[in-house]
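A.B. asks: Mind having a look at this structure? Questions to follow.
Read-outs: derived from the displayed coordinates by stated rules, not from any lab. Quick caveat: nothing in here was measured; it's all calculated off a predicted structure. Note: ideal-geometry Cβ built from the backbone for every residue, glycine included; neighbour counts use all protein chains shown.
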Amino acid sequence: MNLKEVAKRAETGPLMEASNFVMKRVAANVPRLQKEYNIRWDGQTLLNLDDDLADRCWAAGKDLLLKTGVYSMNSRRVIEFAAEEIEDVLRFVPSRVPLGMGKDAVTVHHRKVEDPRPPFIFGGPFNADVHEDMFVKLNEAFAQERIIDCLLFPGYLKELDGLAIRPGSGLSSRAAILYGQWSREAVRRAGRPGMPICGHAVMALNEIACTSEEWGLRATDPRAMVLISELQVDDVTMSRTAYYQAYGCPIYMAFTPLVGGYGGGPDGTAIVAVASFVAAIMLGGEIVHIGPQHIKYKQQTNNHSLFLGSLANQAVARNSHIIGTTSHTTAGRPGSDQYAYEFSALALAAVTSGSNMTGPRPAEPLGFNDVSPLMARLFAEVGHAATRLTRQQAAAVVEKLYEKYRDKLTFEDAPIGQPFEQLYDLDTLSPTPAHQSLYEEVKEELLRLGVPLS
Amino acid sequence: MTSAKAIYAKMRSSIEEYDEDAAAAAAREALEAGLDPVEAVEMGFAGAIRELGEAFDRMEIFLPGLVMAADAMKAGVAVLEEALEARGDVLKRKGVVVLGTVEGDIHDIGKTIVGAMLQANGYEVHDLGVDVPTTRFIQAAQEQKAQVIAMSALLSTTMLFQRDVLELLRNQGLDGKYLVVVGGAPVTQEWADEIGANGYARDAVEAVKLLDGWLGEQAR
């Protein structure tokens, strides 16, 4: 199975309406598989501890993908896979992928449940809207955090030259070029010229204009694709994958299963998530990002998403050598302690479940530059600390953290926090004394709660 | 002959069981029994689907249930509407809505939920799908004699097209003719205000409340 074959099936597979695909192939099969494999959430557990449940979820997810295939949204055809094709791709999917170049080269690897090796940290603006005047400074501030392994999604340039950017326009091509130039400039300024940059400039084909070995994103930089929920792909994603794959870039493929959507509750959606992990590698993904969405909440730190992420990650970590990473979005915003408590809870659950780490970012940023490099450092530190915990130990801390924020998960109730320019001295690119104090206070509290931070 | 109460119970259970054929059959039975179609919609279908909408909001049922219930209601209402049309009448709805995800954006689920919830709450919804060209929203609103244009955008780069629809409405002298509601992950009340939309809904429940408020006021 390769992209040539996938592209062929996107033109020749069974023809159907999208609504039929999601209702008859996805929604109709999930409850049957839930019953067949006995995949149930007890309504309480935040971090799964049941290995057998994880293994059944893996089997159910693969079974689901066999029954659904992946829907090509533009051709309205289903890309179907045979069981032996899935097993073949699973056998050959890489368990280690080198990223970046020179002295800044790093390797992202598959992790096992309770793996003692540190998780790989994808950290950066994570597609928050970033103002053009702040783009280089903000990314430099992330890149100077040595604990971050790969600069993540350097930010959406929503406006340029005082104009809003329309996807696919000439202006957006110019934005993509500047995105490449400015991201590279940021890592150079931080003294890490070969630091990998995980790129995702705009959701349009012309974002490939950010690519240049000389001044932009390189063949050693992973490029992000996003599947559409559930189990759907569009031509732009296929085309970008084809281009970047041919160029030699590692393919970072994300998917966003929706709790309360076509997969049902967190247990049914965990099956969809496993199917999506496998679908991502069938479509050429080499690093697979899970970013659960929720019908009621926008963040990924609610009880449903914590459980679903832990179960799906464990299913994948125990039964394959797919390189997985978990998205961390929160209700609280940078500059608030809740931001840290939320991403810490999710990081503990994800890392002990065998995942690498992507994030953090508020799910609903308030305007431009609503991220903090210092908080990304803490996020990574918590991830590293999690390798010294068992799932059982981590689960106890996750519960305590969840209690701290569970009543403040809505947009209205979550703390507003502050954007980057209010949290940092922009001349020295160092945190303000108040932001530094917050970091230290939260770290103290995390230690008290049982996170073994060094 | 079956009593009205028994027929309404059948109509109700057809929605609860997501059964399109049963909904159409129960609607036909209501007509054969001489029941008023408008009353039959309210007494047979509407209560059941409103309750399912509330159950969806409490996460007791999920999106497939809501979509199937809305489809069952659509099948049943179509039978009753046909009877009404035959006597030169129309089924009064709370309002007509054209709905879609804006150009360049292929995210489907958010607007599907909004559409199902609006249908469940008595609106006639015309779902234009995803990646809907700016001009198509206006054309569809005119064709369907809609009161409301509802636009979803999941990306901060595509929400720009919500602005373009409003600008186009103004350019075509249609400013104020339609109530425009916007939503989607990056969309905020501030954005809605900036582009001149009538309202912003964070989710499907808010969209229903917003439209109920507007169209209720218009009716008064």
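A.B. asks: With an 8 Å cut-off on Cα pairs and a minimum separation of 6 or more residues, tell me the relative contact order of chain B in percent.
C.D. replies: 16 percent
A.B. asks: Shape call for segment A:96-449 from the C-alpha gyration tensor, a ≥ b ≥ c root eigenvalues: rounded (a/c under 1.5), prolate (a/b greater than b/c) or oblate?
C.D. replies: The shape class here is rounded.
A.B. asks: Please report how far the C-alpha centroid of segment A:284-298 lies from that of segment B:81-157, rounded to the nearest whole angstrom.
C.D. replies: 28 Å
A.B. asks: Assigning unit charges at the beta carbon (Lys, Arg +1; Asp, Glu -1) and nothing else, what dipole magnitude in debye, to the nearest 20, does the protein assembly as shown show about its Cα centre?
C.D. replies: 1160 debye
A.B. asks: Do you know the relative contact order of segment A:193-255, to the nearest whole percent, from alpha carbon pairs under 8 angstrom that are 6+ apart?
C.D. replies: This gives 36 percent for segment A:193-255.
A.B. asks: I've got another one for you. Residues with amide H under 5 Å of A:GLN232's amide H, sequence separation 5 or more or different chain, H placed in the peptide plane at 1.01 Å from N; which?
C.D. replies: A:TYR71
A.B. asks: Go through B:LYS92/B:LYS209; A:LYS8/A:LYS103; B:LYS177/B:LYS209 and tell me which ones have a Cα-Cα distance over 30 Å in this structure.
C.D. replies: Over 30 Å apart, Cα to Cα: A:LYS8/A:LYS103.
A.B. asks: While we're on this one: Please say if segment B:95-219 is rounded, prolate or oblate, where rounded means a/c under 1.5 for a ≥ b ≥ c the square roots of the C-alpha gyration tensor eigenvalues, and otherwise the choice is prolate for a/b larger than b/c and oblate otherwise?
C.D. replies: It comes out rounded by the Cα gyration axes.
A.B. asks: Relative contact order (percent) for chain A, with alpha-carbon contacts under 8 angstrom and 6 or more residues of separation?
C.D. replies: So the answer I get is 19 percent.
A.B. asks: Just tell me how shielded B:53-61 is by partners: mean number of partner chain Cβ atoms within 10 Å of each residue's Cβ, no decimals.
C.D. replies: Counting Cβ atoms of other protein chains within 10 Å of each residue's Cβ and averaging gives 2.
A.B. asks: Treating the angle as unsigned and between 0 and 90°, give the value, to the nearest 10°, between the Cα long axis of helix B:109-120 and the longest Cα principal axis of chain B.
C.D. replies: Helix B:109-120 and the main axis of chain B meet at about 40 degrees.
A.B. asks: Which pairs break 18 Å Cα to Cα here: A:LYS298/B:LYS111; A:LYS35/A:LYS67; A:LYS24/A:LYS67; A:LYS158/A:LYS298; B:LYS74/B:LYS94; B:LYS94/B:LYS145?
C.D. replies: Check vs 18 Å cut-off fails for A:LYS158/A:LYS298.
A.B. asks: What angle, in degrees between 0 and 90 and rounded to the nearest 10, separates the Cα long axis of helix B:204-219 from the longest principal axis of the Cα atoms of chain B?
C.D. replies: 80 degrees
A.B. asks: Suppose every Lys and Arg Cβ carries +1 and every Asp and Glu Cβ carries -1, with no other charges. What dipole size does segment A:96-449 come out with about its Cα centre, to the nearest 20 debye?
C.D. replies: I would put it at about 920 debye.
A.B. asks: Using a Cα-Cα cut-off of under 20 Å, which aspartates and glutamates could be cross-linked to B:LYS10, ignoring same-chain neighbours fewer than 8 residues away?
C.D. replies: B:ASP19, B:GLU20, B:ASP21, B:GLU29, B:GLU32, B:ASP36, B:GLU39, B:GLU42, B:GLU51, B:ASP71, B:GLU81, B:GLU82
A.B. asks: Filter the DSSP H helices in chain A by two things, a Kyte-Doolittle mean of at least 1.6 and an axial alpha-carbon span of 27 angstrom or more, and list the hits by number.
C.D. replies: Helices meeting the criterion: none.
A.B. asks: Using helices alone, what [θ] at 222 nm do you get for chain B, with -39,500 (n - 2.57) per DSSP H run of 4 or more residues, divided over all residues and rounded to the nearest 500?
C.D. replies: -17500 deg cm²/dmol
A.B. asks: In whole angstrom, how far apart do the alpha carbon centroids of segment A:310-324 and segment A:193-214 sit?
C.D. replies: Using only Cα atoms to place each centre, the spacing works out to 28 Å.
A.B. asks: Something else now. Hey, what angle do you get for helix B:47-57 against the long axis of chain B, alpha-carbon based, 0 to 90 degrees rounded to 10?
C.D. replies: So the inclination is approximately 40 degrees.
A.B. asks: Just B:GLY100, B:GLY184, B:GLY176 to compare: in a GNM of chain B, with alpha carbon springs under 10 Å, which one fluctuates most?
C.D. replies: Result for chain B, Cα springs under 10 Å: B:GLY176 fluctuates most.
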